[in-house]
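The values are calculated or read from the model by the stated rules, or taken from the named source; none is laboratory data. Every value quoted in this text rests on a predicted model; they were computed, and no experiment measured them. A quick note on method: Cβ atoms are made from the backbone with ideal geometry, for glycine too, and the neighbour counts reach across all protein chains shown. Quick note on the areas: whole protein, heavy atoms, side chains included, nothing else; ligands and nucleic acids left out. Shrake-Rupley method; radii C 1.70, N 1.55, O 1.52, S 1.80 Å.
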Amino acid sequence: MHFQLPYIYAKLLFAFCLSLLFAHLNAQQTTADFGQLSSVKYKEKIAQLEKYTVPVKYTEKSAQAWYKEILTDRNKSLLETFKGDQLVYDTLLLNKCNEIFARIKGNNKNFNFDSITLYINRSIIANAACYGEGTIMINLGLFLWIDNDDELAMVIAHELAHQLLKHTDSKLEKSIAMLTSDDFKDELKKIKKENYGKFSRFRELMKGLNIESGKHSTYKESEADSLGVVFIRNAKYNVTTAAKILLKLDNADDIYKSNKLYVLKDFLENSGANLSYFNVKPKYNGLSTIQVEMNADKDLDSIKTHPDCIKRYEAIEGKNNIPVVTCCTGVNNTYAIFKEHAMLEMVRYEYEKNAIGWCTHLSFFALKNNYNPSVYNQFLSMCFSKLFYEDKLLRRFSAANANAERESTLKTTQDFLFAADTKDLETLAIYFLNLKVDSNSEDYAFADLMYNTQVKMKDATAAYAGFLNKYPQSKYQYLIQKK
Amino acid sequence: MTMKKTTLLLLAFFISLNIFSQSKVLDNVVDIELQSSVEIVNNKQIVGYALFYKIDKMKKTALYRLSILDENLKEIGNNEFEGGKDLILRRAVYESNHLMLSFYDKDKTDDYERFVKVFDLKGKQTGLVSYDPEKVKKGMFGAAIAAQMEMIYEGTDNVEGKGFVTVYQSKAKTGGIDIQMIDINGKLKWEKNITADKGDRADLYLLSTTPNTLLFFEMDRGSVMARDAEIFLVGLSVADGKVLFKKPMDINGITYEPMLIKKSSDDKLKIVSTMANQDAKFANAKPIGFSIGELNDLTGEIKTLKDFNYVNDLSNVLEMKSASKSEEGYIKAHDILLMKDGSMVLVGEFFRKTVSAGGMAMKLLTKGNASAAQATIEDMFLLRFGTDLKAKSLEKIEKDKERVPMPTDGLPIGLMARILTYQHNFGYMYTDEGLDGSKKTVLARGSFGEEKYGTVALTIDDVKGYTTKRFNLEREKKVSYHVLRGKPGYVVIMKYNSKEKQITVNLEKVS
């Protein structure tokens, strides 16, 4: 008893603090709080990238030229990422990542992590990436699948391992060595002299380089996994729990491929929109109804393109008792707050990009999985208003198109957005606006502003001025400015 | 070719080092420097699109990329290959998980001008069949009009479950055609040439295909200048190319010129033909009505459902001045829409033969060498027939008159209508049968009402009336638009920015 009391008090105190923390975080979530965008937040980094000069690494001229060209290209792409607001400074998500990073760093003092910085990428793809030179990005989409610190630690540790093992550099070096080899040069010369068949020969030559790269990459992934596991084990994370993220990522395509995410008709039942669309069985079969084994659309990246996640799990945890993981759908756990934040940022990004098909899909998905209904009803209203507007400008297809896979929930939503009558878009815009959105909030006011300007075609200049007068510090200001 | 750039592009695939590859922004619009792009057709419907464009130039060849898009513009397959400097993709058809693309290479880089390639949906080439015009028997002399109308005589279609058919106009200018039946994997099954039975001239073109039969229109004339001609419906066996039937379409003093063949909702093959007096055909043929029948594709037997005579059958809805001319002008029937309830709507346009003031002045100046003839295309109309096949109503769709100069005076009305059709001068573009066949929309170009010239979708109501949707395409510097046929219920709007050498392809709803 004597020993137990302080322990219970400590436990209660901890629970109390935790509840306060969550109450605070949840309170934040009742309104849509956005993180700062990279063009504003990372000005220093942008300046640094703009001043970037490729160091001299090779004495041989052509090798240095290749090195320069590749690095300049990589730097340019990185600069575009930062300047183009593809990153977000979301303190909640970034603090969590940095907290884990600090713990790994603190428990692996033999390694030098000093030059490494973590960033949050706004992509919906469940992924993370090491860009070399200390830049690691964790995608928003990853957070939908993460359920505990162990799993997040596994991903971060893996990326750190890539950086510390200098995988980017060694890959680059190997490629340059091949490109500057005599065999390669000779073959290139021969190809240049040819009148016909240049391209096929050139492709053949480059294919060798790609295969080599593929093998290398698989090996490097395992190497990064191994060192990553060492990092998290030293940092006292649970490796067994952590490794589950690999199994989850094996199913990460579900968000755009699964046909069981939600039933669209259920959300629209009481809206007053014409739902006969769902009853019609089209006679018409376009090529989208045909199964093409390999999707050649490279725009939509897939986790499946990586080394087999199951095998990587087995390598860490052994072949026995591979648990069945269901992921992505639940938010009622300790990581709910991070998922909420990530989802909000993703929906905002898709809306901002005018990817209405995706924005609508994610909003329905969020509603189905008990994310804050107020936020997603608001975004749905904004999506339908915007689609109505895009339709007037003959841009509905571009906005609604989500490159959906056949028979997926996403395709049902996409096809509905393609086919819905314009008057139904208007009906849905007002329906979702009035559905569980706090009518006194700034979010409601903005959705209402969009409805009035995009559907009711009210004078935009006056309407924006009125809104900004009421909310001079509005978080939506940047969207209005973009217009 | 800038080898270094391409190397860099390929390198980009493997230089980035991510745990799970780099994410990409979803881009919903296809932006490309386009050389040619065509719809992929299956059983007369658009099922996808083939975009074919040059990605690099070499000394004597060029590098091309073929992108296969589904009906929602999502890329499902692609291929890159070398070809002639100016290789053009003309048509694309789909059948049983394969595509056949018809190419034209004026430089004959691989020794042939015309060829088709068969691809699977991922873009992997499975076959190539070239066209060798030397096989065609040479005729006495050519036909200038036919030579200009190559596109009319050449056709490509799918044959349900069997493969593809491609039809070339004879280079020997006999007026004959060369037909190639190609199996699904791209192997030539049989090749056949048809020329006129008599004389030197035959108009031949592919009308339609069924799983058993390839259906052709044939018009034989004694010579280019001959006043008379014989018209046939020809059926060739899909299996071996043998003639199943050659049905004369001159019946009881009337010439029936097949206009379209399509399946109705009861799954029967319907044939629609325009009617003219047999003794007046070709030289001064004037359409006096049209006929609807049911066609047996194995025997060529046609069971006439009704011959509509403009004077007798349309007098309750249209005032006729003569057998072929109404008060509104001559009638050009474009399509017959077979509605769900069994009723029909004929979509047509009125046109007149007029004299151009400018042309007349030129005629005087050149002492009669110029042509003063012009065609004036007037309103569109919807002519409705009840289930009893009686004309019920005629709804005029007003649009501004369009005047088209004709190459010569004294053109017969029938030929004038054909020239206007082939040159795409009529406002009518095509009919969209809709996703489930319930909404039929006619796409047309013109100045409808007070609106300026543009593309308008006219969605035909089952019972009466129509609704219009106009595609307003904003004018911008160095930007031009093309409206193409899209999947059912949609049109494709292609925006070409010549400055940025970029094409944006977009779909828009027609109703």
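Taking 0.36 nm per residue of separation and subtracting the current Cα-Cα distance, fully stretching the chain between B:LYS246 and B:THR376 would add 43.2 nm. Cα convex hull, region A:332-409: 89 Å³ per residue, rounded to a whole number. For the cross-link pairs A:LYS411/A:LYS475; A:LYS189/B:LYS54; A:LYS423/B:LYS74; B:LYS44/B:LYS263; A:LYS411/A:LYS436, the ones whose C-alpha atoms lie over 21 Å apart are A:LYS411/A:LYS475; A:LYS189/B:LYS54; A:LYS423/B:LYS74; A:LYS411/A:LYS436.
Note on A:ASN333 and A:LYS190: their simple-model spin labels are 5.6 nm apart, each label 7 Å out from Cα toward Cβ. Across region B:461-466, coupling constants 3J(HN,Hα) worked out from phi with the 6.51/-1.76/1.60 Karplus curve, θ = phi - 60°, read 6, 4, 9, 8, x, 7 Hz, and Gly and Pro carry x. Using R0 = 60 Å, the C-beta based FRET efficiency linking A:ASN285 and A:GLN36 works out to 0.80. Shown for region B:490-511: residues covered by the partner protein chains by 20 Å² or more of accessible area relative to the chain by itself (probe radius 1.4 Å), namely B:TYR490, B:ASN506, B:LEU507, B:GLU508, B:LYS509.
Annotation: region A:114-264 has a Kirkwood hydrodynamic radius of 18.0 angstrom, from the mean reciprocal C-alpha pair distance. A simple spin-label model places the labels of A:GLU223 and A:LYS83 3.4 nm from each other, with each point 7 Å out along Cα-to-Cβ.
Centroid-to-centroid, using Cα positions, region A:47-72 and region B:309-334 are 78 Å apart. The mean of 1/r over all pairs of different alpha-carbon atoms in region A:39-100, once inverted, gives a Kirkwood hydrodynamic radius of 13.5 Å. Counting only protein heavy atoms and a 1.4 Å probe, region B:402-511 has 48 square angstrom of accessible area per residue.
Pairs of lysines in region A:55-168 whose Cα atoms sit within less than 22 Å of one another amount to 11, provided the residues are eight or more positions apart or on different chains.
Rounded to a whole number, what % of the accessible area of region A:73-113 do carbon and sulfur atoms account for, probe 1.4 Å? Show your work: numbers first, answer last.
Numbers: 840 of 2000 Å².
In region A:73-113, the share of accessible area belonging to carbon and sulfur is 42 percent.
Name the residues of region B:95-115 whose amide N is less than 11 Å from a point 7 angstrom out from the Cα of B:HIS424 along the C-beta direction? Counting only backbone N, you get no residues.
How large is the translational diffusion coefficient of region A:67-142 in µm² per second when you combine the Kirkwood radius over alpha carbon pairs with Stokes-Einstein at 25 °C and 0.890 mPa s?
Details: Rh = 13.5 Å.
It comes out at roughly 181 µm²/s.
Mean projection of the Cα convex hull over all viewing directions, computed for region B:213-320: 8.1 nm². Each Lys or Arg adds one and each Asp or Glu subtracts one; over the other residues with Cβ under 13 Å from the Cβ of B:TYR490, this totals -2.
Determine which aspartates and glutamates satisfy two conditions relative to B:LYS390: a Cα distance under 19 Å, and not lying fewer than 8 residues away in the same chain. Qualifying aspartates and glutamates at Cα under 19 Å: B:GLU294, B:ASP307, B:ASP313, B:GLU319, B:ASP335, B:ASP341, B:ASP461, B:ASP462. With a 1.4 Å probe, how much accessible area is buried between chains B and A, both sides summed, in Å² to the nearest hundred? That pair hides around 6800 Å² of surface in total. Each residue, A:LYS61 and B:ARG90, gets one label point 7 Å from its Cα in the Cβ direction; the gap between the two is 5.1 nm. Per residue, the accessible area of region B:245-363 comes to 43 Å², computed with a 1.4 Å probe over protein heavy atoms only.
Solvent-accessible area per residue in region A:330-483 equals 34 Å², computed with a 1.4 angstrom probe and all protein chains kept. Counting only aspartates and glutamates at least 8 places from B:LYS242 when in the same chain, those with an alpha carbon closer than 12 Å to its own are B:GLU191.
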